[in-house]
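Below: the structure, in structure tokens.
FYI, it's all coordinate maths here, none of it is from the lab. No experiment lies behind these values; they were computed from the predicted model shown. Cβ placement follows ideal geometry from the backbone for every residue including glycine, while neighbour counts extend to all protein chains displayed.
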Amino acid sequence: MKRLIELGRAVWATWTATRAGRALHRYDTANGSVLSGGMAYAALFSLFAALAIGYTVFVRVLGGDNDLRVAVLAEVDSWVPGLVDTGHGGVLTPTDLVLSTGLSWTSVIAAGVLLWSATGFMGALRTSVRAMFGLTESVGNPVTERLRQLLGFVVLSAAVLLSAGASVAASAAVPWVLESLGLDGGAVSVAVRVGGIVVTLALDAAVVAAVVRYVGGVRVPLRDLLTGAVAVGVVSGALRYLGTEVIASAANRNALLASFAVVVTVLLLVNILARVLLLASAWMADPPAAANGDDKEQDEQEQDEPADEDKNEGKKNGAA
């Protein structure tokens, strides 16, 4: 028995010394599960505002293309089935997502409130990502911080639009390729589908990299950043292609939650993706095996906060 205990301790020590073990320890000590739940809660209240603003801008700029408009709504439905009516029923109709274009104090205030709500999730996302790197929330210029959150919102919206655009382009390209090259329809369809998956993976990975670098304000070695971003992109793509209906059906099996299936789906989906993102962030942080004072000090040097460096220089000059 004593040998088994010693063997267990040795295995545990070996595991905790690995990068994956250290990442899990950082995720646990930084309360990653709690932060993921908070991000899901924030996303629930930011969702309508984000959809309303994003879809309104899209309709005003590119809404004349009916195929692209249908593809955008289908992309949203692929993530949260039943949220937007795409012809099979839904909580919201496309008309509900289009804001009034009349210029008045009421419309300006309403747009401002929606924009503030939409970027609220990005604030929770920033705080959570920084926590995985052992960084506390910086006290900087509030305007700059809000602009960071707005940038993240724009990146997410652009990713949805690009993904929908790629889907439309791929669908239009198949008949043209078949007619031009005289190829078998099945082979081309498979090739186009694989290409679509690769493009979607690249977009998801780019979004994750932008969130860590610009929304979180953390500098990560390029190799680690790409590895973590691709890992999150793979999980995100798996959820999309395997179908979020699996998550929705889990909620529907519960009689109490069935009437709130869309809400529960949003909470579960964001919670899962948030956990994966924070685990990847903890891995990118590459924390030391043992927690010590140097860990936090080393992490602080990685953050993109030039204002803090100026403060330190001021303190040194004052002491001199």
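A few points about this structure:
- Förster radius 30 Å - calculated FRET efficiency between ALA169 and VAL108, Cβ distance, rounded to 0.05: 0.25
- In this simple spin-label approximation, VAL91 and ALA17 carry label points 7 Å from Cα along the Cα→Cβ vector, and these lie 5.0 nm apart.
- Here r is the Cβ-Cβ distance between VAL70 and ILE197 and R0 is 25 Å; the resulting FRET efficiency, rounded to 0.05, is 0.80.
- Across the stretch 273-287, coupling constants 3J(HN,Hα) worked out from phi with the 6.51/-1.76/1.60 Karplus curve, θ = phi - 60°, read 5, 5, 4, 5, 4, 5, 5, 5, 5, 5, 5, 4, 5, 6, x Hz, and Gly and Pro carry x.
- Between the amide H of LEU92 and those of VAL84, ASP85, distances stay under 5 Å, these residues lying 5 or more places away or on another chain, with hydrogens modeled in the peptide plane.
- On the basis of the beta-carbon distance and an R0 of 25 Å, ALA10 and ASP286 show a calculated FRET efficiency of 0.60.
- Stretchable slack from TYR214 to MET1, in nm (0.36 nm times residue separation minus alpha-carbon distance): 71.5 nm
- A simple packing score, the average count of other Cβ atoms within 10 Å per residue, orders the peptides 271-279, 148-156, 5-13 as 271-279, 148-156, 5-13, with the highest score first.
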